[in-house]
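Working notes for the structure below.
The values are calculated or read from the model by the stated rules, or taken from the named source; none is laboratory data. Remember, predicted model here, so these are calculated numbers, not experimental data. Every residue, glycine as well, gets a Cβ built from its backbone with ideal geometry; the counts of neighbours run over all protein chains shown. Just the protein is used for accessible areas: all its heavy atoms, side chains included, with ligands, DNA and RNA removed. Shrake-Rupley method; radii C 1.70, N 1.55, O 1.52, S 1.80 Å.
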Amino acid sequence: PVIVFGASSATVSKQQSSACEFVCALNRKIVIKLLSFKMFKVVFALLALAAAVSLAAPAADDASANILTHESRLEPDGAYSYKYSTSNGIQAEESGIGGQSVQGSASWVGDDGVPIVLTYTADENGFHPQGVHLPTPPPIPDYILRALRYIEAKQAAQNGQK
């Protein structure tokens, strides 16, 4: 008897032929499953690529946005202000005295469709942004607050004794 993988010869017994047909059918199923898995991987990779391209590309609104309003002022003493708005919903304004202090705001619509509003000041004490979208530190635990009050009380007592 001659057995070729995936096929049967005419000289094979009936039992061997059944076994060979079973193996051939099993091979076909395995090949189909492998092709299905490979096809799944290809489709998944194409979908992932399409998602990455769509996220990386700027929105059509942003690419074709126009400036709707623009105002600016600069004074000899360094005071200045500016304001602008665009067709895709971005607005900003700022005023201040160059090198001393600034206050301003900006607003836009985030990628998730939620409006974002940022207000800020900057002066000799640094930059101070405010907005509900900004992260906030966790609250200080009670035991730390008690320790800080204890340290302050000890320092006050020591300063009072001197």
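A few notes on this one:
- Condition met for P135 (open to solvent by less than 90 Å² (accessible area, probe 1.4 Å) and assigned by the TED database to the domain that holds G78): no
- Strands (runs of 3 or more DSSP E) lying entirely in segment 88-132 (those with 3 or more residues that are touching a Leu at 6+ places or on another chain (Cβ under 9 Å) and not aliphatic (A, V, I, L, M)): 101-109
- Subset of segment 136-162 [of a type in the set (K, R) and not in a helix (DSSP H, G or I)]: K162
- Among the candidates Y150, Y120, the residue that is in the same structural domain as A92 (by the TED database) and open to solvent by less than 90 Å² (accessible area, probe 1.4 Å) is uniquely Y120.
- Lone unmet requirement of (1) open to solvent by less than 100 Å² (accessible area, probe 1.4 Å); (2) under 27 Å from the mean Cα position of the chain (by Cα) for D111: (1)
- Taking residues in segment 112-139 that are farther than 18 Å from I90 by Cβ, and partners anywhere that are of a type outside the set (D, E) and part of a loop (DSSP other than H, G, I, E, B), the pairs with Cβ atoms closer than 9 Å and at least 6 places apart or on different chains are D123/Q100; E124/Q100.
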